[in-house]
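Below is one structure, written out as structure tokens; comments come after it.
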Amino acid sequence: MACPVNNAAVLNPVILPLDWLLGTWESDEPGEGCFPSIKPFRYTEELHFSHVGQPVINFMFNAFHAESKKPLHRECGFIRMQPGTNRVAFIIAQNSGLVEIEEGELTGQQLCLQSCAVARTSFAREPHVQQISRVIQLRPDGRLEQTVSMSTDNQPPIQHLHITYRRSS
């Protein structure tokens, strides 16, 4: 399921610096996930970035287990830019019951983000996520790369996910 797209909508100039994200991206090979409290795993992922003419990008991330193809992690939300700056915010809801706001900067075609607010359902699984950081960048070979790090109640920040994507549309 993709984000809504209004092909007739003109890209709002506020988000023009992020136009390189727009479209659908698919992992070109399985990504790797690990964390001290879980068994290492491999996953595939589809990313959808779209707009409807507002000063915001809509996104949806869908991850699947690389071998079984079972759905895993889901994220959806919005990307905003502070007009006239390189400041970016991701507003994210996850199927795990976690919601977050990540803020950071756009430098060229690289986003460096750090969570500034994390909330969860009252019955979220422990250990609780405390901090998330992510780097998303367009590589010179045209592939998109994402690295996600996180910390929990009992674990300092450590890399959790790494994956690359190719544009499929």
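The values are calculated or read from the model by the stated rules, or taken from the named source; none is laboratory data. Nothing here was measured: the structure is a model prediction, and the numbers come from that model. Here the Cβ is made from the backbone with ideal geometry for all residues, glycine too, and neighbour counts use every protein chain on show. To get the accessible areas, we keep the full protein, side chains included, count just its heavy atoms, and leave off ligands, DNA and RNA. Shrake-Rupley method; radii C 1.70, N 1.55, O 1.52, S 1.80 Å.
Things to note:
- The loop-placed GluC sites (Glu not before Pro) in the stretch 1-80, going by DSSP, that have at most 12 neighbouring Cβ atoms within 10 Å of their Cβ come out as Glu67.
- Put a plus charge on the Cβ of each Lys and Arg, a minus charge on the Cβ of each Asp and Glu, and nothing anywhere else: the dipole of the stretch 6-45 about its Cα centre is then about 180 debye.
- Computed from the alpha carbon atoms alone, the convex hull of the chain holds 119 Å³ per residue.
- Solvent-accessible surface of the stretch 1-154, averaged per residue with a 1.4 angstrom probe and all protein chains in place: 52 square angstrom.
- Accessible surface of the chain, 1.4 Å probe: 55 percent of it comes from carbon and sulfur atoms.
- Taking trypsin sites (Lys or Arg not before Pro) as exposed when their DSSP state is a loop state and no more than 12 other Cβ atoms lie within 10 Å, the longest site-free interval of the chain runs over 1-68.
- Unit charges on C-beta of K, R, D, E only; dipole of the stretch 1-121, Debye: 340 debye
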